[in-house]
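In what follows, a structure is listed as structure tokens, so that the remarks can point back to it.
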């Protein structure tokens, strides 16, 4: 471990961390945005969910590197390729939670809402989705953490992330770089996770502790 | 007024939940739908706010066919209370109560003020306004459910087993609350329950269902107990209906006998001279002090005041004119003398009633009930 390497490469470390954060958070956000309408449809029309789930599981089984390579002809060696691939993976973990969250809304609550004169859309937006927030955000947490860790693989197709430190460290037989990369990936995932938990607490003051 | 005309609900699997139902719920009254599970009582209720659509027939609310009203608007004019309260877990108590006013476009301030008003009306503390539902007890949640249903002051209130999920003590207090609210608000209430006791307690009218969605009898509770239409109804209301129906008969018709009542300063000799097997001794305020059997007095000196003689406790007395014959009968059963002590509003003894006198009053009440039924059916024939 060569501690002096860290301060002398401070700006590189910062830049890589920032890029890795982007590659982790953006796909999870896109995944969330796509999951919401799909989840609503799957929760309402039950026949829609099983085939969707099958497709999703197949996509999730594809190795990340293989998916990157498959996207290269269309999007090149760019951030877009990595973001699209990671969005697909995020979608795979977030969508089941959206469906589970919506299905877990107590029947008595939806029935009461209908009986009080809520239309279907208003009920969805002001009652069902807010009640599903804790379960949806639990999926989002997994999506963010998984994307942050998978983003390093993007380095193999030349998209910059903390993965650079692993590859460079390996090629130069310089373990310090690898340790720093590892610690930063974990710290980044942990930090994002804590932020999401804080957001969830703020959004759901009503949840029983 | 809610009117069902030949309403049938048949589900896709062929099950008939409600079969050619004709029923009229008069405005300002409480109609209780009661029957075994699966008899169609809840389906009937849910057809009123169009949570369930009938297969055949029509339902009229104040003369308008409910099919001609947009469901969401119809529902905002009909309060709805369900068993598990159905409160929104993510909204505070006051926002839950304010739901329908807000849907109707009231300003938030006005809706919240109304919510506070309703908390008081259903007997809850103002401090609960900012709590979330999970922080309340089951009974409190149920009260909030009632407050929410009443928030926009709808003329009609539907209650689906509203008190089934709480313990018996809380249930009784919620029922009492409903009765006092109803005395003040005079809503048209349709309440579903499987508990015949609840039906008899809170209903102005009781509609008793047979299995498979037909009605066995629609009548005021006292009539259901006194004159069940058939064996099914008699069986459903229970073997002690003879005693329970006495809850609806007042004690005004009872003849009280003052001769076995003596003050504490009367002597044993006077008690023996009264020629009664038991003497009810009263204190200086003329309140009942105890019973004494005259056979036990024979050994005592004739000039002993009754106040110094050992007496047996009265148990409870009944208030003449206010309490029901059931209370009077209970007082007689619990009394060592087998006689009920009748008191006035201030608790002063008016006289006592024996089983014979109670029986005479019950028979007189039955004769009146039969007469009024004959009158009802004569009226029905004229229509």
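How do the helices (runs of 4 or more DSSP H) wholly within the stretch B:103-206 filter down when requiring 1 or more residues that are in contact with a strand residue (DSSP E or B) (Cβ under 6 Å, 6 or more places away or on another chain) and within 14 Å of another protein chain (Cβ to nearest Cβ): which remain?
Fully inside the stretch B:103-206 and qualifying: B:138-150.
Taking the condition away from every other protein chain (no Cβ under 11 Å), in a strand (DSSP E or B) and touching a residue at least 40 places away in the same chain (Cβ under 8 Å), does residue B:47 pass?
no
I'm trying to understand the selection: among the residues of the stretch B:147-159, which are touching a helix residue (DSSP H, G or I) at 6+ places or on another chain (Cβ under 9 Å) and either surrounded by fewer than 20 Cβ atoms within 10 Å (Cβ to Cβ) or closer than 15 Å to residue B:75 by Cα (or both)?
Within the stretch B:147-159, B:148, B:149, B:150, B:151, B:152, B:153, B:154, B:156, B:157, B:158, B:159 qualify.
Hey, can you tell me all the residues within the stretch A:103-125 that are surrounded by 18 or more Cβ atoms within 10 Å (Cβ to Cβ) and more than 24 Å from residue B:43 (Cα to Cα)?
A:124
Can you name every residue in the stretch B:221-242 that is outside any helix (DSSP H, G or I) and either at pLDDT 90 or above or in contact with a strand residue (DSSP E or B) (Cβ under 7 Å, 6 or more places away or on another chain) (or both)? Spell out how you get there, then give the answer.
Just the residues of the stretch B:221-242 that are outside any helix (DSSP H, G or I), to begin with: B:227-230, B:238-240.
Within the stretch B:221-242, B:228, B:229, B:230 qualify.
Can you tell me which residues in the stretch B:91-103 are closer than 28 Å to residue A:104 by Cβ and in contact (Cβ under 8 Å) with a residue 24 or more places away in the chain?
B:91, B:92, B:93, B:94, B:96, B:97, B:98, B:99, B:100, B:103
Would you be able to say whether some residue in the stretch B:56-76 is under 17 Å from residue A:108 (Cα atoms), in contact (Cβ under 8 Å) with a residue 12 or more places away in the chain and under 29 Å from the mean Cα position of the chain (by Cα)?
Yes, the stretch B:56-76 contains a residue that is under 17 Å from residue A:108 (Cα atoms), in contact (Cβ under 8 Å) with a residue 12 or more places away in the chain and under 29 Å from the mean Cα position of the chain (by Cα).
Mind listing whichever residues of the stretch B:62-80 are more than 9 Å from every other protein chain (Cβ to nearest Cβ) and either in contact with a strand residue (DSSP E or B) (Cβ under 6 Å, 6 or more places away or on another chain) or part of a loop (DSSP other than H, G, I, E, B) (or both)?
Residues of the stretch B:62-80 more than 9 Å from every other protein chain (Cβ to nearest Cβ): B:62-70.
B:62, B:63, B:65, B:66, B:69, B:70, listed by residue number.
Looking at B:84, B:94, which is the one that is touching a helix residue (DSSP H, G or I) at 6+ places or on another chain (Cβ under 6 Å) and either outside the structural domain of residue B:213 (by TED's automatic domain parsing) or assigned to a helix (DSSP H, G or I) (or both)? Spell out how you get there, then give the answer.
Values: B:84 fails: either outside the structural domain of residue B:213 (by TED's automatic domain parsing) or assigned to a helix (DSSP H, G or I) (or both).
Of the residues listed, the single one that is touching a helix residue (DSSP H, G or I) at 6+ places or on another chain (Cβ under 6 Å) and either outside the structural domain of residue B:213 (by TED's automatic domain parsing) or assigned to a helix (DSSP H, G or I) (or both) is B:94.
The values are calculated or read from the model by the stated rules, or taken from the named source; none is laboratory data. All of these numbers come straight from a predicted model, not from anything done at the bench. Neighbour counts are summed over all protein chains in view; Cβ atoms, including those assigned to glycine, are modelled from backbone coordinates with ideal geometry.
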